[in-house]
Amino acid sequence: MFPLALVCGNTMVVKPSERDPGACMILVELAKEAGFPDGTVNVIHGQHEAVNFICDSPDIRAISFVGSDQAGKYIYERGSKNGKRVQSNMGAKNHGVIMPDANKENTLNQLVGAAFGAAGQRCMALSTAIFVGESKEWIPELVERAKKLKVAAGNQPGADLGPLISPKAKQRVCDLVESGIKEGAQCVLDGRSIKVPGYENGNFVGPTVLHNVKTDMECYKEEIFGPVLVSMEADTLDEAIDVVNNNPYGNGTAIFTTNGATARKYTQKIDVGQVGVNVPIPVPLSMFSFTGSRGSFMGDTNFSGKQGIQFYTQMKTVTSMWREADVSDGKSHTAMPVMK
């Protein structure tokens with residue numbers, strides 16, 4: 001966020017998550033090394049007091065947030081009450097729709113990578129798969145590919161996914177998987193009991209797949225934020241579209257198909273801010289805006305791209321008139337100025 005904010009003439013105060021501030025500090029160190037003047041990018045650490053300071057300080061005029069629903073709603077409401085411009089990017093439940101005519105090899109590889117990469121701890125993880133028609137026959141192959149992923153510490157060679165961020169996060173993921181099983185979902189791949197040599201007490205959860213998930217199950221309604229793929233079946237594309245549109249979130253979605261008409265229908269009918277066609281994680285390049293919508297976003301303008309520039313810019317309109325006659329014209333005019 002801070003490069004765009006600075007380009008628009010602002011200084012930036014960054015508050016990273018207290019659970020994983022390391023990446024932010026690396027970026028700030030790189031900014032300093034690149035020659036950013038002192039004071040243009042600033043970092044504060046903390047929890048509630050730091051958040052309230054950002055929301056309340058009159059010197060801070062705009063807030064850009066990425067995180068959970070609870071924190072995002074709180075920051076949006078408190079910041080807005082203080083007259084600040086706020087963009088709040090929150091939770092997600094991103095669906096991938098798999099059509100029977102899709103390229104099977106490519107689709108399965110894309111699904112596995114998008115669902116389990118980063119141990120599912122990213123807001124654009126493809127956490128829900130809807131298999132349309134005969135594509136449901138690919139599920140056993142999907143499971144076999146997921147089994148081949150290497151779970152290890154992130155700094156180990158060949159690791160495909162690392163640990164969850166904390167013991168509490170691991171427990172939450174395991175509890176949601178268990179709730180799905182109790183509500184009737186089939187656990188066709190269970191990674192909860194995985195042990196990583198040398199890290200037996202680590203916060204690891206292996207790739208997990210819940211199948212025959214229904215929309216009223218807790219594991220579907222909640223953003224799991226772990227290496228868990230919830231799988232559903234639909235008879236038609238229209239049925240799949242209804243499932244996605246009835247979900248409150250609108251961050252991202254993808255369709256896998258080789259049919260242009262199918263892809264066009266999906267992109268037009270789907271009510272989600274970012275749509276991929278054979279692209280499982282449709283995060284746009286930085287010149288485009290990150291257009292999450294509905295329950296995934298609160299605010300008027302998204303970040304990055306043109307909307308990001310608008311967010312970090314206070315518009316000003318200057319109306320001027322310069323005429324030679326103004327030098328000697330002493331008569332007052334009460335009407336609106338017009339061009340003559």
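Taking a ≥ b ≥ c as the square roots of the Cα gyration tensor eigenvalues, with a/c under 1.5 meaning rounded and otherwise prolate when a/b beats b/c, else oblate, which class fits region 209-306?
Cα axes put region 209-306 in the oblate bin.
Can you list the equivalent-ellipsoid semi-axes of the chain, largest first and in whole Å, using the square root of 5 times each Cα gyration tensor eigenvalue?
Semi-axes from the Cα gyration tensor: 44, 27, 18 Å.
When you count, for each residue, the other Cβ atoms within 10 Å and take the mean per peptide, how do 41-49, 218-226, 190-198 rank with the highest first?
Ranking, from highest mean packing down: 218-226, 190-198, 41-49.
So for the chain, taking the charge dipole from beta-carbon charges (+1 Lys/Arg, -1 Asp/Glu), which of Ser135, Met287, Ala119 sits furthest toward the positive end?
Met287
Mind listing the phi-derived Karplus ³J(HN,Hα) values for region 127-139, rounded to whole Hz, using 6.51, -1.76 and 1.60 with θ = phi - 60°, and x for any glycine or proline?
With coefficients 6.51, -1.76 and 1.60, one gets 8, 9, 10, 10, 8, 9, x, 6, 5, 4, 5, 7, 4 Hz.
I need the shape label for region 73-202. Rule: rounded when a/c is under 1.5, else prolate if a/b > b/c, else oblate, with a, b, c from the alpha carbon gyration tensor.
It comes out oblate by the Cα gyration axes.
Given 5 Å bins starting at zero, what is the percent of C-alpha pairs of region 60-99 in each, up to the one with the largest pair distance?
In order of increasing distance, the bins hold 6, 25, 25, 16, 8, 7, 6, 4, 3, 1 percent.
Tilt of helix 104-116 relative to the longest C-alpha principal axis of the chain, in degrees (0 to 90, nearest 10)?
So the helix axis and the longest Cα principal axis differ by about 70 degrees.
Let me spell out the model: positive unit charges on the Cβ of Lys and Arg, negative unit charges on the Cβ of Asp and Glu, origin at the Cα centre of region 193-286. What dipole size does that give, in debye rounded to 20?
Using only the charged Cβ atoms, the result is roughly 320 debye.
So how strong a dipole does region 1-118 carry about its Cα centre when Lys and Arg Cβ are +1 and Asp and Glu Cβ are -1, to the nearest 20 debye?
380
For the chain, give me the percentage of DSSP beta bridges that are antiparallel, rounded to the nearest 5 percent.
Roughly 25 percent of the beta bridges in the chain run antiparallel, per DSSP.
Counting helices only, and only those DSSP H runs with n ≥ 4, report the 222 nm mean residue ellipticity of the chain as the sum of -39,500 (n - 2.57) divided by its residues, in deg cm²/dmol to the nearest 500.
It lands at -9500 deg cm²/dmol.
Using modelled amide H (1.01 Å from N, peptide plane; none on Pro or chain starts), what sits under 5 Å from the amide H of Val66, excluding residues fewer than 5 places away?
Asn89
What percent do you get for the relative contact order of region 168-248 when only Cα pairs under 8 Å and 6+ apart count?
Rounded, it is 29 percent for region 168-248.
Given the Cα-Cα distance of Cys8 and Ala34 and 0.36 nm per residue of separation, how much length would full extension add, in nm?
7.6 nm
Based on the Cβ-Cβ distance from Thr267 to Glu137, what FRET efficiency comes out when R0 is 22 Å, to the nearest 0.05?
My answer for the efficiency is 0.25.
Volume per residue, Å³, of the convex hull around the alpha-carbon atoms of region 74-130?
Per-residue hull volume (Cα only) is 101 Å³.
Once fully extended, how much extra length lies between Ser293 and Asn155, figured as 0.36 nm per residue of separation less the alpha-carbon to alpha-carbon distance?
That pair, Ser293 and Asn155, stretches by 46.2 nm at full extension.
So what are region 26-77's ellipsoid semi-axes, whole angstrom, largest first, if each one is the square root of 5 times an eigenvalue of the alpha-carbon gyration tensor?
25, 13, 10
Can you run phi through the Karplus equation (6.51, -1.76, 1.60; θ = phi - 60°) for region 58-67 and list ³J(HN,Hα) in whole Hz, with x for Gly and Pro?
With coefficients 6.51, -1.76 and 1.60, one gets x, 7, 9, 9, 8, 10, 10, 10, 9, x Hz.
Once you've got the GNM for the chain with C-alpha springs shorter than 10 Å, pick whichever of Lys15, Lys170, Lys81 has the biggest mean-square fluctuation.
Top of the fluctuation ranking is Lys81.
Measuring from centroid to centroid over Cα atoms, what is the spacing of region 10-76 and region 137-215 in Å?
If you average the Cα positions of each part, the centres end up 32 Å apart.
Could you compute the FRET efficiency for Ser68 and Ala335, with r as their C-beta to C-beta distance and R0 at 56 Å, rounded to 0.05?
About 0.50, to the nearest 0.05.
Over the chain, with a Gaussian network built from C-alpha contacts below 10 Å, which listed residue (Val228, Val86, Val13) shows the highest mean-square fluctuation?
Val13
Mind putting a number on the dipole of the chain about its Cα centre? Charges go on the C-beta only, +1 for Lys and Arg and -1 for Asp and Glu, and I need it in Debye to the nearest 20.
It comes to approximately 640 debye.
Could you do me a favour and compute the accessible area per residue for the chain, 1.4 Å probe, result in Å²?
I get 55 Å² per residue for the chain.
Determine the shape class of region 143-244: with a ≥ b ≥ c the square roots of the Cα gyration tensor eigenvalues, call it rounded for a/c under 1.5, and otherwise prolate if a/b is greater than b/c, oblate otherwise.
Because a/c hits 1.5 or more and a/b exceeds b/c, region 143-244 counts as prolate.
Please find, in a Gaussian network model of the chain (springs between Cα atoms separated by less than 10 Å), the residue of Ala254, Ala263, Ala240 whose mean-square fluctuation is greatest.
It is Ala263.
What list of ³J(HN,Hα) couplings, whole Hz, do you get for region 83-92 from phi and the Karplus terms 6.51, -1.76, 1.60, once you set θ to phi - 60° and write x for glycine and proline?
Working through the residues one at a time gives x, 8, 7, 10, 10, 10, 9, 10, x, 7 Hz.
Counting pairwise Cα distances across region 1-145, what percent come out greater than 26 angstrom?
44
The values are calculated or read from the model by the stated rules, or taken from the named source; none is laboratory data. Because the structure is predicted, anything quoted here is derived from the model rather than measured. Quick reminder, even Gly has a Cβ in these numbers, built from the backbone with ideal geometry, and neighbours come from all protein chains shown. Keep in mind that these areas ignore ligands, DNA and RNA; they rest on the heavy atoms of the full protein, side chains included. Shrake-Rupley method; radii C 1.70, N 1.55, O 1.52, S 1.80 Å.
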